[in-house]
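Below: the structure, in structure tokens.
The values are calculated or read from the model by the stated rules, or taken from the named source; none is laboratory data. What you see is a predicted model, and the numbers here were worked out from it, not measured in a lab. All Cβ positions, glycine included, derive from the backbone under ideal geometry; neighbour counts span all protein chains shown. Just the protein is used for accessible areas: all its heavy atoms, side chains included, with ligands, DNA and RNA removed. Shrake-Rupley method; radii C 1.70, N 1.55, O 1.52, S 1.80 Å.
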Amino acid sequence: MSLNNKIQHLFLNSNPWFSAVTDYSLQLAIYLSQQGCILYCSEVGSTAMDQKCKEHNIPFANVPIHNQNLFNFFISFIFLHRQLIKYKKSLKYIWVFEGREHSLCALSKILFPFLWRNKILIRVRGQAQGISSNLFSKILYNKITNKIIFAADCVKNRVKFDIPKDKMMIQYYSKDFVQNILSSQKKCEEIFIDTDFPPIKSDNLLYLVIGRFDKVKGHDYLIDAFLQADLNNKEGNKIKSQLVFLGYNANLSAEMLYDKYFERFGDGKCIKNKYYLKSDKLNKELFIVSEKIPNIDIIISMVHFGIIPSLDSEVICRVGVEFLQCGTPVISSNAGALPEVFSDFKELIFPVGDTKLLQHRLESSSKLFLDKEDYFEKRKKAKKIGVEKYSLKNYDNLFEFVNRN
């Protein structure tokens, strides 16, 4: 680890997976690196944060924060205090994203308060779990922590005790997405997921879901609603429609979904990590991909609607932000912070787990798709909201907040 400048920001993130919270921390680091030097600290592992920091010229340190056995706790504790001592004149902001490093810093402040003089401990909270009202939590958040940033209003509302208003703020996940395709006269585009499958074509009515294959993500009832939806044109003929799932296997696998719905579609093919189902009778196709796809921003911009049918969580909504920034309207459940992020698209939101209302949203979206002028206005609105509300410039108020007495 080599630092040419004195660090002002120390980021501690013990999450061992590249989760929504980890991505949130990365976007904050990218923004803040324009304001001052950052040292990002986490374990090397499936987060690949060392590589992601390297891509953005953010110094990185491998610290065993997550697996908190006694030895690793001691190593992390020593590391933290080395940074506090080494950069005692320049280091001002310590950002923590998980409970482990939050407790680590709290213990340090209690034992060595002189090392924390003029330091600001900032807890960024993007977890769906609530915080119970007990003495430890109240002391940790109201006495030891200087500032608290909640990823959404619903996250703040899950705190079971009062926090002074001047100590907290809501800061939604923001990101700069490069893709900017907005033309009312787009030529037909097509992408081949595999050469043995038909292409995904923008001439068809296209829906896209991005996220891990997990029961909580609502894949099952979305497929049920998709199969049941009457997606017809004005003449009553069935529109060619395609539903695409992109993700990775978690508590549910792409293969399990393929096996479960093969009979209902009637035909299909499978190649390693890629699955295709079709119903000629319904004029519908389903693509299920459980591997990383290059240039995903092109697919996001190409499809007509994103869908987020999640049953729970979704307090950061990073996929939703990416859809909006590409000008792609989103049909979403009302889980977590989704109604907050899509507050300008209430007509596309449906209650969690409600197959019938989801079916109705799909049918409404098909009518919108057929009205090219109205649909293009919807895309422009999505793009405008994505840029104005959820690009990195929306972190501009962070400095004013964290330095406010």
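Within the option set Phe112, Phe79, being open to solvent by 40 Å² or more (accessible area, probe 1.4 Å) and either among the polar types (S, T, N, Q) or over 24 Å from the mean Cα position of the chain (by Cα) (or both) holds for one residue only, Phe112.
No other residue among Lys269, Lys234, Lys281, Lys292 is modelled with pLDDT of 95 or more, farther than 30 Å from Gly130 by Cβ and in a loop (DSSP other than H, G, I, E, B) apart from Lys281. Looking across the stretch 325-355 at every residue that is open to solvent by 30 Å² or more (accessible area, probe 1.4 Å), in contact (Cβ under 8 Å) with a residue 12 or more places away in the chain and assigned to a helix (DSSP H, G or I), the one that is farthest from Asp374 (Cα to Cα) is identified as Thr355. Provide a single number: the residues in the stretch 356-371 that are closer than 15 Å to Tyr221 by Cα and open to solvent by 50 Å² or more (accessible area, probe 1.4 Å). The total comes to 3.
Could you list, in sequence order, the residues of the stretch 143-160 that are open to solvent by 10 Å² or more (accessible area, probe 1.4 Å) and either within 18 Å of Leu104 (Cα to Cα) or not in a loop (DSSP other than H, G, I, E, B) (or both)? Let's see the steps before the verdict.
Filtering the stretch 143-160 down to residues open to solvent by 10 Å² or more (accessible area, probe 1.4 Å) leaves 143-144, 146-147, 153-154, 156-160.
Matches in the stretch 143-160: Lys143, Ile144, Asn146, Lys147, Asp153, Cys154, Lys156, Val159.
Which one of these is in contact with a helix residue (DSSP H, G or I) (Cβ under 6 Å, 6 or more places away or on another chain) and aromatic (Phe, Trp, Tyr): Trp95, Trp116? Steps first, answer last, please.
On the way: Trp95 fails: in contact with a helix residue (DSSP H, G or I) (Cβ under 6 Å, 6 or more places away or on another chain).
From the options Trp95, Trp116, the qualifying one is Trp116.
The set of residues in the stretch 264-308 that are out of contact with any Asp or Glu (no Cβ under 6 Å at 6 or more places or on another chain), basic (Lys, Arg), within 25 Å of Val319 (Cβ to Cβ) and surrounded by fewer than 20 Cβ atoms within 10 Å (Cβ to Cβ) comprises Lys272, Lys292.
Scan Leu121, Leu104, Leu140, Leu115 and give me the residue that is under 30 Å from Phe74 (Cβ atoms) and in a strand (DSSP E or B).
Numbers: Leu104 fails: in a strand (DSSP E or B); Leu140 fails: in a strand (DSSP E or B); Leu115 fails: in a strand (DSSP E or B).
Exactly one of Leu121, Leu104, Leu140, Leu115 is under 30 Å from Phe74 (Cβ atoms) and in a strand (DSSP E or B), namely Leu121.
Asn62: farther than 26 Å from Trp116 by Cβ and either open to solvent by less than 10 Å² (accessible area, probe 1.4 Å) or at pLDDT 90 or above (or both), yes or no? For Asn62, the condition - farther than 26 Å from Trp116 by Cβ and either open to solvent by less than 10 Å² (accessible area, probe 1.4 Å) or at pLDDT 90 or above (or both) - is not met. Could we say that Gly218 is on the phi > 0 side of the Ramachandran plot and buried (at least 18 other Cβ atoms within 10 Å of the Cβ) here? Here the answer is yes, as Gly218 does meet what is asked. Are any residues in the stretch 4-44 at pLDDT below 90, open to solvent by 40 Å² or more (accessible area, probe 1.4 Å) and under 20 Å from Leu80 (Cα atoms), and if so, which ones? Matches in the stretch 4-44: Asn4, Asn5, Lys6, Glu43, Val44.
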